[in-house]
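This report concerns only the one structure given below.
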Amino acid sequence: MSNGNLSSEEAGRSRNIRPEQASEYFRNGEYELAKETFTTAMKSVIGPGFKIPLDLTYGGGVECEEYKRLDLQKRAFLTWCFDGIARCYWKQDRMEEALKWSEEARILALNARISSQVPLHDWEKYDHNSLDFIGNTGTAVHRRWIAENHIPERLLTPEIRRLLNPGKTSVLLQYRHPDPRLCIKLNVTEPSLQVMGAWHKIRVRSSGGPSRRMGFASFIWKGHLYIAGGRKDSLGPFYRDIFSLNLATRDAWMALPPYPVPFRVSGAFLGWHMVPDPDTGRAYLFTGRPTVDYFDLNTKTWGSMVTTFKRKDPQDAKGGIKPGTWPYPKDQLTDSTQQLVGGKLYVFGGTHGTTSIGCNLFMVLDLKTAHWTRLSGSVMPGKHGDYASPGPRKTPSSWVDKDRDRIFLIFGECDRMGARLSGELHGADCGYAYDDFWSWSIAAGRWQRERMDGNAPCPRSEVAYVYNPVLEKAIVWGGYNPDLPTYFYDHGANFGFSYYADTFIYDSSASVSSSSSNDRTAPWRQVLTHGFPTYRAQAQLIVDPDTGKTYLYGGFANNDYVPSRKTSISRSFGDLWQLRINIPGGCFEGVNLEEETRTAQAGPWQRCFTCGSAGPWKKCGGTCRGKAFFCDADCLKEGWKEHKEMHACRKAAS
Ligand SMILES: [Zn+2]
Ligand SMILES: [Zn+2]
C-alpha cells in the first residue's frame, strides 16, 4: 500500500481474497457466495465494524464522515462492491435490498461531492478529473443497469423488443409514466415496493365552478373542497375567485366572495397557497407582503393581519437580507411550499421580486405574535452551493410527518432558463429538477438530507403532493421534469421534457421498522393504477383530514405531449379525481380491478373494452352511457355480448 491508497487488487490481497472471485460466483449463479465475497472485500476497505448500508447508528440521513474521507480508488472499489451486492439481490428477486444497495452507491458518490473543496450547486457536475470511471459515471452505469433491467420480460411489447437492440436507453425514453401499453398488465409482484391503487374520476352534478385552471390554491375544510385563484391558460384569464364544493353531495360549486386585494397591490393570484388553520378557522394566504391575508372559513369573509420581520444578525445579513428591509424583494412570493405546524406557518423557496431561478429562503411566521424569523437559506442563490440546506428552487413539495416534528422537502426546479432571461447567476438553456430529499427538524432547527430508499419517484417539479393523516403517508403524483426527454418514434417527435402521471407513497416510519418482518414495506412505494388522470404539472392533491379521502384537481400539460388535444400550446385541466389505495383506510373496497383493466381511462386515452389497446376510441352508444369504449367496429361486435352483461347495457332506442 502506498500513500494510504488501496487498489482493488490490494484491497483483496490484504485479506487473502480475490475480489474477482465475487464476479465468478455471480456468473455461476452462486449469489450468496458472491455477496459474502463482495462484503468481505468491502470491509477490507472500510473496516470490519462499519455497518453498510448506513443506518440510524450514523445519525440517519446521507452524510457520512467515513465515506467523505475515502480517496477515489477506495470509493471506486466500494461502488463496485455495492453494485455487485445489488445485482445479487436483484437476481434473488429481493428488489428492496437491491434498491437499497443501489441507493448506497449513490450516497457514496454524494459524499464525494460533499467533500469537494468548493460547495457545488446540485446542477453542477462533480468532476472526478481523469478518473471518470468512478463516482458519477460509475453510479450512472449502476443506475442504468437497474433501469435497463427494470422491464420484466412479460411487459415487453413487440415494438419495444424491436427497439432493444439499437439502444436500451432509447427504449426507456419512449415510455410515458405510466405507459398505457404497460399499466394494465401491472400487478403487485413486490409488496414491499408496490401497492395497488385506482384513480376514479368524480363528476359534479351541475356545471359551473372553477373549471380548467393551473397555479391555483386548494384545500379541504369540513368536507368542502376550496379552489381559489390561478389562471386558465398561460396568457390568462387570471382569477381571484374562490369556490367551494360539498364533497359528500357534489351537487354544485358555490362561489364565495373573491379575494379583495387589488392586482396592483399583490400581483397575480398565481402559485400561492391557502393554508387552513384548525385553531383559528382561517385559511392563510401569504403573497410575499408583510400583510398576510386570510379567508375566515366560519364567516366566509376575507381579513388580514400585519406581520413584522424579527432580524437575527449576523446570520440574516449573511442570508442576504439587507438591514432594514423585508426578506421578500418587491413584496412578492410565488411557487414556494408552505406548511402550518403548531401555530406556525413555514415557507420554503419560491421566486420573488429579484429572482426567477428560485431561492432557498426558509422562513417561519408565528401566527400568535405575528413575527417572522429566518430559519435558513438566502434571498438570492449564492455563487457556491451550501450542503447544510436544500438548494434554491421553485415549486418544491413538502409535508409534515406523523409526529408533527419534521418537515420533509423534496422535488422542485431551479429555473435556469428563467435566470438566463433575467440575467441572473446560474442561467442555462434548461431547468434543473432536484433529485434530493430533506427533512427539517423543528426541535433541532436544522436540515438533514434523507435517503431515497425503496421504489422512489424520479426527479421532478410542479408535483401534486399531500400528507394523508389517516393513512399516515405522504402521496405524490405527476409533475414535470424539464431535463428528461421523452421520445415518440411513432410520431417522429422528441421532447426535451417529461410530464408524469404516476403515483407514489412515502412512509418515514417504514425506514426504522424491523427488517425481519415479512409484511414490512420500503419507505417509498409506487401505487400501481390501471387508469390515471392525464400526464401533467401543477395538479394538486388534497386530502380530507376527517375521512382520509384523497382528491386531485387541475393542472396543465404541453399540448403536443397529449396528442389527442388540438388547441393552444399548453392547456389546463378542470377535472376532479379520487385516489384509492389498497391499504387500510385507503378506500379501496369496491374497486374492481378486472373492470379497471377493461375500462379505466389511461391518461389522455380510452381503453378498448375488447382488445385493451389505448387510443382516442369512441364510447359505447348504448344505455350504459359510455361505460365502455371500443377501438373499431370489429371490437365492438366481438366485445358487445360481454359488455352487455357486465354493464347492463342495451342498444339505445334510435
Ligand atoms: Zn379494440
Ligand atoms: Zn354500453
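Just so it is clear, none of the values below were taken in a lab; they were calculated from the coordinates. Keep in mind it's a predicted model, so treat the numbers as computed, not measured. Virtual Cβ from ideal backbone geometry, glycine too; neighbours counted across all protein chains shown.
Once you have a ≥ b ≥ c as the square roots of the Cα gyration tensor eigenvalues for the range 601-643, tell me rounded if a/c is under 1.5, and otherwise prolate or oblate according to whether a/b is larger than b/c.
Oblate, because a/c is 1.5 or more while a/b does not exceed b/c.
For the chain, the gyration tensor built on C-alpha atoms gives an oblate shape. Its axis ratio a/c (a ≥ b ≥ c) is at least 1.5, and a/b is not larger than b/c. Less than 21 Å apart at the alpha-carbon level, and either on another chain or at least 8 residues along: which lysines does that give for LYS383? Output for LYS383: LYS125, LYS318, LYS322, LYS394.
Sorted from longest to shortest, the spans of the Cα atoms of the range 325-465 along the three principal axes equal 43, 41, 27 Å. Karplus-derived 3J(HN,Hα) values for the range 600-605, using 6.51 cos²θ - 1.76 cosθ + 1.60 with θ = phi - 60°, are 5, 5, 9, x, x, 10 Hz; glycine and proline are entered as x. Taking a straight line from the alpha carbon of LYS300, these aspartates and glutamates sit under 18 Å away, with near neighbours fewer than eight places off in the same chain left out: ASP241, ASP277, ASP279. Dipole of the chain computed with +1 at Lys/Arg Cβ and -1 at Asp/Glu Cβ about the Cα centre; of LEU297, MET363, GLY478, farthest Cα towards the positive end is LEU297.
Remark on the range 354-430: hydrodynamic radius 13.9 angstrom, per the Kirkwood mean of 1/r across alpha carbon pairs.
Rounded to the nearest Hz, the phi-derived 3J(HN,Hα) couplings of the range 539-555 under the Karplus curve 6.51 cos²θ - 1.76 cosθ + 1.60 (θ = phi - 60°) are 6, 10, 8, 9, 10, 7, x, 7, 9, x, 6, 10, 10, 10, 9, x, x, where x marks glycine and proline.
The 3J(HN,Hα) values that the Karplus relation (6.51, -1.76, 1.60; θ = phi - 60°) gives for the range 498-504 are, in residue order, 9, 10, 10, 9, 9, 10, 9 Hz. Gly and Pro appear as x.
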